[in-house]
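See structure below.
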Amino acid sequence: MNCILLPASDIAPPYAQINSPVQIEHINKVLKLPVGATLKIGQLGGNLGTAVIDDMSPSNIQLREVQLDTPSPAKLEVTVILALPRPKVLRRLIMDMTALGVCHIILINSYRTQKSYWQSPLLMRLNEFVLEGLQQGVDTIAPRISLQKRFKPFVEDQLPSLITHDAIIAHPYSDLAFSQYLQLPVESISSARVQRPDVVCIGAEGGWVDYEIELLCKQGCKAVNIGPRILRTEAAVNVILGQWLI
């Protein structure tokens, strides 16, 4: 954690309190902060700032001199459409995309998504993973996350409204490299061309099947590769989204 995020109900400037066992343990065992130390905090959905530790107990930390005067960093103007991955990978992906500042995450069914993934109890813990990502990235604004269990209806009925400028599909066998795509002139993609696409479609392990790529392309998406290596989903997500941070 690079900051401690608190709900508005635990903040009453100039005072606040920390009740989360995970956050208390982090302050005690990782940060090793004593009473009187300054702590970086934030209000969920609000501003970032600092506070001074006033009192500590095993189940509660009292804060004083709370100052929340720093706006949250700007979100990345991108929607990530991600084929629902293996449960053990889901936590890392949600954390990473949240820390990077993605504004909208759509978890979608795909041919290579096993039905059992949709029954995973981890899907009930997405808010927990988002909080971890926000505290890692020093952000207070959570991404919007939606679940789409039907691929074809979503692509045909909802995807077009999400594409303001351009959309890409991560596909290792595409002839067009992402780096080449970013350098294409305006006329070859759309008259509203911006520097980067506003929708990114990334498959689960094994990628998208041909039918899915064809359907996505019919809605205006363009398939791109990110190099000759076949990467894991979490690596591909970070490589692509890293372009927004450059």
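The values are calculated or read from the model by the stated rules, or taken from the named source; none is laboratory data. Since this is a predicted model, take the numbers as computed values, not measurements. Cβ atoms come from the backbone with ideal geometry, glycine included; neighbour counts cover every protein chain shown. For accessibility, only protein heavy atoms count, side chains too; no ligands or nucleic acids. Shrake-Rupley method; radii C 1.70, N 1.55, O 1.52, S 1.80 Å.
Okay, here's what the table says:
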quantity	calculated
Boolean, VAL102 is more than 20 Å from GLY203 (Cα to Cα) and touching a residue at least 60 places away in the same chain (Cβ under 8 Å)	no
Scope the stretch 97-134; condition in a helix (DSSP H, G or I), within 25 Å of LEU162 (Cβ to Cβ) and over 18 Å from the mean Cα position of the chain (by Cα); matching residues	TYR117, TRP118
Close pairs from the stretch 8-22: first at negative phi, partner among the β-branched types (Val, Ile, Thr) and not in a strand (DSSP E or B), Cβ under 8 Å, at least 6 apart	ILE18/ILE24; ILE18/ILE27
Residue match in the stretch 143-156 (condition: modelled with pLDDT of 95 or more, under 16 Å from LYS218 (Cβ atoms) and open to solvent by 60 Å² or more (accessible area, probe 1.4 Å))	yes
Scan of the stretch 1-25 for residues that are closer than 15 Å to LEU134 by Cα and over 20 Å from the mean Cα position of the chain (by Cα), ordered by number	VAL22, GLN23
Wholly within the stretch 1-88, strands (runs of 3 or more DSSP E) carrying at least 1 residues that are basic (Lys, Arg)	38-43, 60-70
